[in-house]
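Each value in this text was obtained by applying a stated rule to the coordinates, not by laboratory testing. Please read these numbers as outputs of a predicted model, since none were measured by experiment. Heads up, the Cβs are rebuilt from the backbone with ideal geometry, glycines too, and the neighbour counts pull from every protein chain shown.
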Amino acid sequence: MFENEENIVVINHPLLSHKISILRDKKTGTNEFRKIVEEIAIFEGYEALKDLPTEEVEVETPIETCMVPMLQGPKLAIVPILRAGLAMVSGFLTLYPSAKVGHIGMYRDEETHEPIPYYCKLPSNIDERPIVVVDPMLATGGSACDAIDQIKKQGGKNIKFVCIIAAPEGVKKLHEKHPDVKIYIGSLDRQLNENAYICPGLGDAGDRIFGTL
Ligand code: PRP
Ligand code: URA
């Protein structure tokens, strides 16, 4: 499924799979859950940011002068979808400490499962920056599509989406609506259930991260 789509990447690594398995376990408590989400964000960010542009600059080593690659251009914008995406920000900042951080707030209506937006604040010059939208869960895809709509309305162009667990339904919807956005997935799960939760999934990511179960 999605194997031939170059903008859909399911990251395959035993260390990542192991950490996602710990998140799935309902016995995993808030403290450990949060820490592991941060670690997973580092793994996934390492993969998702591997085409950041660099430029050659001159440095003097203790031995000689040489040309070396350094990150180039406007700084990365990390945009978590609130609430659960917040837990992935620190992992991305570990990789790219000078990144700017925007926030998009939305929650799913319990009946319709449609996203209800309530906040959007993006870094300046968003049209010039590489942007990575982070949210642990891609379920129906409604929240991700809406968040990316909002970013594009403000001029964002170079956008990636990074999640930990995705349902095929959400991947399909996001890819159809925003085919230019490369999607990075830690685990592609089986399906959604009648409440639009991912199966087997990990439950409600926001509640598990913030202890609001
Ligand atoms: C969760 C999750 C995503 C959304 C995914 O947030 O963090 O944002 O659901 O579902 P979708 O793909 O069907 O839109 P939730 O709505 O539970 O809000 P919260 O993070 O504030 O708990
Ligand atoms: N949001 C979550 O947090 N979990 C799901 O399984 C689906 C949406």
Study note, to complete from the structure: Filtering region 159-180 down to residues that are more than 16 Å from ligand 2 (Cβ to nearest atom) and surrounded by fewer than 17 Cβ atoms within 10 Å (Cβ to Cβ) yields Glu176, Lys177, Pro179, Asp180
Exercise for review: Evaluate the following for Met106: is it under 25 Å from Leu23 (Cα atoms), in contact (Cβ under 8 Å) with a residue 60 or more places away in the chain and near ligand 1 (Cβ under 10 Å from one of its atoms)?
Suggested key: no
Check your understanding: Quick one: would you say Gly203 is small (Gly, Ala, Ser), at positive phi and touching a Leu at 6+ places or on another chain (Cβ under 9 Å)?
Key -> yes
Review point. Does Ala77 fit the bill of being within 17 Å of Lys35 (Cβ to Cβ) and either out of contact with any Ser or Thr (no Cβ under 8 Å at 6 or more places or on another chain) or free of Cβ contacts under 8 Å to residues at least 60 places away in the same chain (or both)?
Key: no
Point to revise | Residues that are away from ligand 2 (no atom under 16 Å from the Cβ) and under 18 Å from Cys163 (Cβ atoms), drawn from region 100-122 | key: Val101, Gly102, His103
Practice item. Return the residue satisfying two criteria in turn: it lies in region 68-94 and is in a loop (DSSP other than H, G, I, E, B) and over 11 Å from the mean Cα position of the chain (by Cα), and of such residues it is surrounded by the most Cβ atoms within 10 Å (Cβ to Cβ). Key: Leu76
Check your understanding: So Ile131 fits all but one of (1) farther than 22 Å from Ile40 by Cα; (2) away from ligand 2 (no atom under 16 Å from the Cβ); what number is the exception?
Key -> (1)
Review point. Just a yes or no: is a residue in region 49-67 crowded, with 19+ Cβ neighbours inside 10 Å, of a type outside the set (Phe, Trp, Tyr) and within 16 Å of ligand 1 (Cβ to nearest atom)?
Key: no
